[in-house]
Amino acid sequence: MTSFFHDMADNPFLLTGLLAGLLASLACGLIGPYVITRRMVFLVGAIAHMAVGGIGAAVFLAVKFPDAFGWLSPVFGAVIAALIAAVLIAVVYDRLAERMDTLIGAMWAIGMSIGILLIKFTPGYHTELMSYLFGNIAIVPWSQIRLMVVLVAVIAGALLVFHKRLLAVCLDEEQAALQGVSIFSTNLVLLVLVALTVIALIQVVGLILVLALLTLPAATAGHYARRLAPIMLLSTILCMAFTTVPRVAVYGTAISPESAIVLAAGVVYLVSVAVRSAAMRRRAAPAT
Amino acid sequence: MADDGAIVELKGVWYGYPPHALSMPVLEDVDLQIGPGDFLGVIGPNGGGKTTLLKIILGFLRPQRGTVSVLGGRPQKVSRRIGYVPQNARIDLAAPASVLDVVRMGRLGVSSWGCRFGREDTEAAMAALERTQTADLADRPIAHLSGGQRQRVLIARALAGEAKLLLLDEPTAGVDAHIERGLTDLLHRLSERMPIVLVSHDVSFISRHLKRVACLNHRLTTHAAHEVSAEVIAQMYHGEVRMVQHEDSCPLADPGCAHGCPAPGLGPAPGRGAAGGAGSGSMRGGGQEGDRSIADEDDAAR
């Protein structure tokens, strides 16, 4: 474990890896509690898997048509696809709420299969895809850190403006509508922020595991705090712990740090659920 | 506006839910006027259009035919001035929010633009909680409320904005008799400040305070409160009404009122024969300027 900090002097990627984890934690800590409160965990998955399709399309276009799309980086493709997914979901929710789950499931599957198909038809690009799907916290370039700073700033700024309306829509849509809040645009804002968070997390845990980092720390925090602001604070702290402690702990071993991060978040959540239900049973016992 | 001071005015309103729309109308040719100081109870069977009527007034639904004017404008424009207590508030009880958070949401329409509520929003929300005697619950998580407390908190939310009209949908569904009594009292006090429309399959709990009763089963007819007799009700419910004869000694016969109004009884509670005169008298006595309409109808009845 000490070797991690010892090696940090020689290997600048260790520092950027830690920074990426902390920035991702900020994004997760701010948006995760809304995702839990609004019960949209499934939508996060759909957005992430649509982003896989975007990566596939970007890679395919850049290789097949280098003149027209040579500038199209995979991350850019992911951003565009995630934003399209956010808009699509907002429209679907507005128009046909009752068929929501089926349509979202379809988007999830279609996005993923488009991504895999297009990458298969792109010569020589298969290994790099893995780092988008499963993350690559070992080699984080400074350009990625800059992108993440921008994303976190946009997310925090948007929350400063929209927090009240977002919470209102989470609590009671009908009442929010009565008070003149547009449900469609508030949903759209939240979904776009989720899409940006997904992009911020690609490097740290990968698109497949985004779901875990965006929801598990916030759900764990929800066990111990009862209002949104403390939940945000607690889940940011938890997230920071999850992205750094396992990373340092498994350094130098064959265990991939991205999986260790997600596993730590999952185990802590499950332990918390167990502790909580045991405590509830103990509290309920004397009463009966 | 046609009538000076009409708060709500529906003229020839028809509404049917898609896909059937007007081939299966829920509301047929509904005319309704609500003036300042009015306290209207809307009764009718399930599926008779009670909630639909409220949603038309709130602007959630647009009638296929007819006109709706609320506070002198289109409902969609003025909805933030309407306090609404829904039947099944789709409020997410698992959401991380306190009672105060919920009540402040009633001020979204009047609060400033930023991410937080200002001090005057919090003060108004606390004042609304005071009015519904739930100020001590302000910091409670919304999940930790009893049925009666939740109903009061929802009324506080409806009042927290600058509501000019209060709509309640089945406010006593699922609450027991002693909570009903408290609600009766609260609504009576509120009715002195703003017009109230209360929708319920059974308004007997508040009958003494109502100024008018509307019977709604697709079509709507309004009556001065004391005119509503067992026959009117039976007709509307197709005769399938079981009446409960409350003796004077029965605690349910008198839902109780701190203002000491005598109990007339109405609708399913048939104390009318004995207390009818006193009842209508008390209704007029307790009324505000809005009982012009009652007086008119009284005259017509005689």
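A few remarks follow.
- Chain A shape via C-alpha gyration tensor axes, a/c threshold 1.5: oblate
- Only lysines eight or more places from residue A:64 in sequence, or on another chain, were considered; those with a Cα closer than 27 Å are A:120.
- Each residue of the stretch A:17-26 was assigned a 3J(HN,Hα) from its phi angle through the Karplus expression (A = 6.51, B = -1.76, C = 1.60, θ = phi - 60°), giving x, 5, 4, 4, x, 5, 5, 4, 5, 4 Hz with x at Gly and Pro.
- Positive dipole terminus of the stretch A:1-157, leading residue within A:16, A:48, A:144 (C-beta point charges): A:48
- In chain A, taking the dipole from charged Cβ atoms about the Cα centre, the farthest positive-side position among A:92, A:277, A:261 is held by A:277.
- Bins of 5 Å from zero: percent of alpha-carbon pairs in the stretch B:108-222: 2, 10, 20, 21, 19, 13, 8, 5, 2, 0
- For the stretch A:232-288, alpha-carbon Rg and Dmax in angstrom: 15.7, 53
- Per residue convex hull volume, Cα atoms of the stretch A:133-277, in Å³: 121 Å³
- Residues whose amide H comes within less than 5 Å of that of residue A:121, counting only those at least five positions distant or on another chain, are absent (H built at 1.01 Å from N in the peptide plane).
- The base-10 log of I(q)/I(0) for the stretch B:47-124, evaluated at q = 0.12, 0.16, 0.25 Å⁻¹, reads -0.47, -0.77, -1.21 [Debye formula, identical scatterers on Cα atoms, solvent excluded].
- Selection from B:135, B:224, B:184 lying farthest towards where the dipole of the stretch B:90-224 points positive, charges on Cβ: B:224
- Pairs of Cα atoms farther than 17 Å apart, the stretch B:16-71, %: 39 percent
- For the stretch A:145-205, pairs of C-alpha atoms spaced more than 19 angstrom apart make up 37 percent of the total.
- When Rg and Dmax are taken over the Cα atoms of the stretch B:1-114, they come to 16.1, 46 Å.
- Global geometry of the stretch B:82-140, whether rounded, prolate or oblate, following the gyration tensor of its Cα atoms and the 1.5 cut on a/c: rounded
- Semi-axis lengths, Å, the stretch A:1-158, gyration tensor of Cα atoms, sqrt of 5 times eigenvalues: 29, 23, 14
- Set of lysines near residue B:55 by C-alpha distance (under 24 Å), chain-local residues within fewer than 8 positions excluded: B:11, B:77, B:164, B:211
- The magnitude of the dipole of chain A, with charges of +1 and -1 set on the Cβ of Lys/Arg and Asp/Glu and taken from the Cα centre, is near 780 debye.
- Most mobile listed residue (A:209, A:103, A:191) in chain A, GNM with C-alpha springs under 10 Å: A:103
- Summing Cβ point charges (Lys, Arg +1; Asp, Glu -1) relative to the Cα centre of the stretch A:159-288 gives a dipole of roughly 520 debye.
- Calculated FRET efficiency for the pair residue B:189/residue A:154, C-beta based, R₀ 41 Å, to 0.05: 0.25
- Taking the alpha carbon gyration tensor of the stretch A:12-91, multiplying each eigenvalue by 5 and rooting it gives semi-axes of 26, 21, 8 Å, largest first.
- Rg/Rh for the stretch B:136-203 (Cα atoms only, Rh after Kirkwood) is 0.95.
Just so you know, all these numbers are worked out from the coordinates, no wet-lab data involved. Source: prediction; values computed, not measured. Reconstructed Cβ throughout: ideal geometry from the backbone, glycine too, with neighbour counts over all protein chains shown.
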